[in-house]
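Peer 1: First the structure, which I've put down as structure tokens, then a few questions once you've had a look.
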Amino acid sequence: MTGVSGAGRWPGSDALEAASVVVGDLTDLPDEVVGLPFTPTLPARGPWGDRVGQAAAVLVELPTELGPHGWKLADRPGGDLGRAQAYAREDLDALAVAAHGYVGPLLVPVLGPLTLAASLYLARGDRVLADAGAVHELAESLAAGIGEHLAAVRRAVPGADVQVLVHEPLLAQVLAGVLPTFSGYSALRRVPGPVAGERLSAVVAGARSGGASTVAVHGGTAWSSLPALRSSGADAVALAVAGLGEPGWERVAETVEGGLRLWAEVPPQASSQCAGPDVVGQADTVTRPWRSVGLPAAGLRDVVILAGDPPAAASPDDARAALAGAVRCARLVTERSET
């Protein structure tokens, strides 16, 4: 059966309200769809609650703090790290209440090591990505921290089958060597694909050590990241499928035929005043290219449909509507898997 979940971000700053809505809306779904409730990320709380702040909060033996340009490595733990860790504990407490008695899949989105290295700064200098040794150390620290975090999630929700979605939106730029240095006058040296795969592998292994049954790695919008995603040892790859084009879908077909599942982030449903939401058009972004590259229709049952991150100006009601749209899309994808 086709699965359905969200990428992780959620509007608002109330952790309990967000967790209650997500868990409530992604359980008790129609039999033909499998809902994967996810742990929400609340960027409205500021840098301590966004994806980088969440990742900083779980790093092991790598303290961080906020600097003029964002999070950076620090000599010792301080107030910024304490606040990010307090939000992480608040999120776990909210999850324990919202998912009390829940038994089933639970998706935990986390930021991947390459995007974190591109977003985090050295204590004195450029991005962590500029120092290969620091990137290796960061990946190992993140892997250990994710393992510990997942163990805490399992204690909060004992009935959860924990799954992980590793977000790597900057991976394609890291591989291409196009990210600017701190000065902006040059670009950071590219990270070779095999090295990127090794760093991802460490985090995938860390997630499994924390009890994750499934690990998917999200390469953002660029299919050029697929080789590194495949070499990570993950169970599934995730991509934003709108605009992939034929070359991208051919690489997706190779990946699926190689034994990995596809988690497809779909665009928001177009809507008109007369016809309402365009569920068919949304489902077409997955099913039409899937068939055009020769993948069997039955394989659509293994796809997970992801509602993308809501825009910055979205309200909780907007995000909830998008999630409901993804559920309708997943139902239609399931129907098409049988024809």
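Peer 1: Here are some residues: Thr285, Thr255. Which one is polar (S, T, N, Q), at pLDDT 95 or above and touching a Pro at 6+ places or on another chain (Cβ under 7 Å)? Spell out how you get there, then give the answer.
Peer 2: Working: Thr255 fails: touching a Pro at 6+ places or on another chain (Cβ under 7 Å).
One residue alone meets the criteria, Thr285.
Peer 1: What are the residue pairs meeting all of these: first residue in the stretch 237-249, first residue closer than 15 Å to Gln282 by Cβ and of a type outside the set (Gly, Ala, Ser), second residue in a helix (DSSP H, G or I) and open to solvent by 40 Å² or more (accessible area, probe 1.4 Å), Cβ atoms under 9 Å, and 6 or more apart or on different chains?
Peer 2: Taking only residues 6 or more apart or on different chains, the pairs are Leu244/Trp223; Leu244/Arg251.
Peer 1: Name the single residue that is nearest to Val60 (Cα to Cα) among those in the stretch 161-173 being among the hydrophobic types (A, V, I, L, M, F, W, C) and surrounded by fewer than 24 Cβ atoms within 10 Å (Cβ to Cβ).
Peer 2: Of the stretch 161-173, the ones among the hydrophobic types (A, V, I, L, M, F, W, C) are 162, 164-166, 170-172.
Applying the additional criterion that residues be surrounded by fewer than 24 Cβ atoms within 10 Å (Cβ to Cβ) yields 162, 170, 172.
On the way: Val162: 21, Leu170: 23, Ala172: 26 Å.
Among residues in the stretch 161-173 that are among the hydrophobic types (A, V, I, L, M, F, W, C) and surrounded by fewer than 24 Cβ atoms within 10 Å (Cβ to Cβ), the one nearest to Val60 (Cα to Cα) is Val162.
Peer 1: Let me ask something else about it. Would you please name the residue that is surrounded by the fewest Cβ atoms within 10 Å (Cβ to Cβ), looking only at residues in the stretch 329-339 that are of a type in the set (A, V, I, L, M, F, W, C) and within 16 Å of Asp25 (Cα to Cα)? Step through it out loud before you land on a result.
Peer 2: Going residue by residue through the stretch 329-339, those that are of a type in the set (A, V, I, L, M, F, W, C) are 329-330, 332-333.
Narrowing the set further to residues that are within 16 Å of Asp25 (Cα to Cα) leaves 329-330.
Working: Cys329: 29, Ala330: 32.
Restricting to residues being of a type in the set (A, V, I, L, M, F, W, C) and within 16 Å of Asp25 (Cα to Cα), the top hit is Cys329.
Peer 1: Is it the case, given these coordinates, that Ser183 is of a type in the set (S, T, N, Q), farther than 20 Å from Asp309 by Cβ and not in a loop (DSSP other than H, G, I, E, B)? First the steps, then the outcome.
Peer 2: Numbers: of a type in the set (S, T, N, Q): yes; farther than 20 Å from Asp309 by Cβ: yes; not in a loop (DSSP other than H, G, I, E, B): no.
Criteria not met by Ser183.
Peer 1: Which ones in the stretch 145-204 are closer than 25 Å to Gly248 by Cα, among the small types (Gly, Ala, Ser) and in contact (Cβ under 8 Å) with a residue 60 or more places away in the chain?
Peer 2: Passing the criteria: only Ala196.
Peer 1: Consider Pro158 carefully, then state whether it is of a type outside the set (A, V, I, L, M) and part of a strand (DSSP E or B).
Peer 2: Numbers: of a type outside the set (A, V, I, L, M): yes; part of a strand (DSSP E or B): no.
Judged against the criteria, Pro158 is not a match.
Peer 1: Inspect all residues belonging to the stretch 15-22 and state whether any of them is at positive phi and not aromatic (Phe, Trp, Tyr). Reasoning before the result, please.
Peer 2: In the first step, residues of the stretch 15-22 are kept if they are at positive phi; the result is none.
No.
Peer 1: Now for a separate question. I need a count of the residues in the stretch 8-20 that are assigned to a helix (DSSP H, G or I) and open to solvent by 30 Å² or more (accessible area, probe 1.4 Å). Walk me through how you get there before you give the answer.
Peer 2: As a first pass, look at the stretch 8-20 and keep what is assigned to a helix (DSSP H, G or I): 15-20.
Next, only the ones that are open to solvent by 30 Å² or more (accessible area, probe 1.4 Å) stay: 16-17, 20.
Final tally of qualifying residues: 3.
The values are calculated or read from the model by the stated rules, or taken from the named source; none is laboratory data. Keep in mind that this is a model prediction, so the values were computed, not measured. Cβ: placed from backbone, ideal geometry, glycine included. Neighbour counts: every protein chain shown. The area values use the complete protein model at the heavy-atom level, side chains included, leaving out ligands, DNA and RNA. Shrake-Rupley method; radii C 1.70, N 1.55, O 1.52, S 1.80 Å.
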